[in-house]
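Just so it is clear, none of the values below were taken in a lab; they were calculated from the coordinates. Remember, predicted model here, so these are calculated numbers, not experimental data. FYI the Cβ positions are ideal-geometry reconstructions off the backbone, even for glycines, and counts take in every protein chain you see.
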Amino acid sequence: MAGDVSPVLLEQAVDQLREFVGILDREGALLWANAALRHQLRLEGPLTELLPAAEWVAGEAIPGLMRSLIAVETGLTPAGERISLPVRLVRGGDLIASIQKMEAAEGPRVLLIGRNKKGRAGDTGLLASQVDFLANMSHELRTPLNAVIGYAELLMLPDLPATDEQKRVYASDIRDSGRQLLEMIDDILEFAKAGAGRMTIRASEFDVVEELNSCLKMAAGAARRMERETEFELHADGDIGFARSDVRLFKQIVVNLLNNAVKYNRDGGKVELAVRRAGKWLQIAVRDQGQGIPSDEADRIFSAFYQVDGTASRAHGGMGLGLAIVQRFLDLLGGGIRVQSKPGVGSTFTFHVPADARSIPTGQYPKARAITQTSELPALSDLLDR
């Protein structure tokens, strides 16, 4: 059952990170550590019991850690619940760490993510976004896991006062929650594989409009699961015909953009998908009628782990990896993306990929993404270059 497997897969995913990840109690004891932190501390195998602060943090660094833990616990930090601090380890090594309070069934816990002090410039911002990602990940996984466990326990009651129809509803909720967990895990693994350069382009010929219609069907299913009433439209400019590319990556880009549009769309709003050929390129645009992208956040939406609303209490679910996966897959296919957005009106994501992966055109489209704020969103057809 998905509820039994996903924590193992999640732990394996976190173990692949080069960053040091640990979970602490309010006294600074280490309750769990990923492979990188265990290696740095010269620990063999997973922790079987808590490791007191004095056994993993150097003595002179403990007071600073305790002050930071108190600040995080009480929320007395400039960033609300997050704080950065240096940590010197007992067995050598200086870390720049970021910590954040987490709520767990066992009580308050603190998430720590760190890098060696000699890490690359700019790591502090990355650490902060990874803290947000892992904190939100725990929140997102707990919801479907609780549903799986709760409904399964209900069905196991010997004297359950429920009709067959009610039992089918419980079983359906278990199935849907399991699918949600698998989608989250797939996102994590896809992102990790693309970032590690472990993906191979497998080009094949496919009917573009046929595959886009398939993407719309998947997005419609996602809209039903999210209980978001959404109208979908497909606009094909002329005879689109066939393309030769990696159809799985192509469809994942489109589906991620459609799902993102559904998630942030207003209820009952329209999501439009348009496609045209531009010389040796395919252009695809996805438009929603949602909240738009605030101007001060527009340049961050393709960042890994980032969400426009990154708090655990946000209205929209998800892991914050959908657009980061889009960016990485477009890099693999030799494409690029641009965004136009008007807060309160909606956003349009327009991407381009070579129509034939065997010959990537040069010069017409920049590879880098471009994001612009606009006073009015032009007609969808106007966004596709003529």
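Worth pointing out:
- Qualifying GluC sites (Glu not before Pro) for the range 215-271 [loop in DSSP, other Cβ within 10 Å: at most 10]: Glu227
- HN-Hα J in Hz across the range 254-268 - Karplus 6.51, -1.76, 1.60, θ = phi - 60°, x for Gly and Pro: 5, 5, 4, 5, 5, 5, 5, 5, 4, 4, 9, 6, 6, 4, x
- Here each label is just a point 7 Å from Cα along the line to Cβ, and for Leu154 and Ser359 those points are 5.9 nm apart.
- Virtual paramagnetic centre 7 Å along Cα→Cβ of Lys342, amide N under 20 Å, in the range 249-290: 261-262, 264-274, 285-290
- Estimated FRET transfer efficiency when R0 is 25 angstrom, pair Arg18-Asp331 (beta carbons, to 0.05): 0.80
- Modelled label positions at Glu231 and Glu11, each set 7 Å beyond Cα in the direction of Cβ, lie 5.0 nm from each other.
- Full extension of the chain segment joining Ala58 with Asp267 gains 69.9 nm, where the gain is 0.36 nm per residue of separation less the Cα-Cα distance.
- Shape of the range 166-290, Cα gyration tensor, a/c cut at 1.5: oblate
- Between amide H atoms placed 1.01 Å from N, distances below 5 Å from Trp32 occur with Ile23, all of them 5 or more places distant or on a separate chain.
- √(5λ) per eigenvalue of the Cα gyration tensor, the range 246-300, largest first, Å: 23, 14, 12
- Projecting label points 7 angstrom from Cα along Cα→Cβ for Ile70 and Ser295 puts them 4.3 nm apart.
- Around the amide H of Ala203, modelled in the peptide plane, lies no amide H under 5 Å away from a residue 5 or more places distant or on another chain.
- In order along the range 49-56, the Karplus-derived 3J(HN,Hα) couplings, from 6.51 cos²θ - 1.76 cosθ + 1.60 at θ = phi - 60°, round to 8, 5, 10, x, 3, 5, 9, 9 Hz, and Gly and Pro are given as x.
- Calculated FRET efficiency for the pair Phe242/Ser214, C-beta based, R₀ 22 Å, to 0.05: 0.90
- Across the range 212-217, rounded Karplus estimates of 3J(HN,Hα) from the backbone phi angles (6.51 cos²θ - 1.76 cosθ + 1.60, θ = phi - 60°) give 5, 5, 5, 5, 5, 4 Hz, Gly and Pro being marked x.
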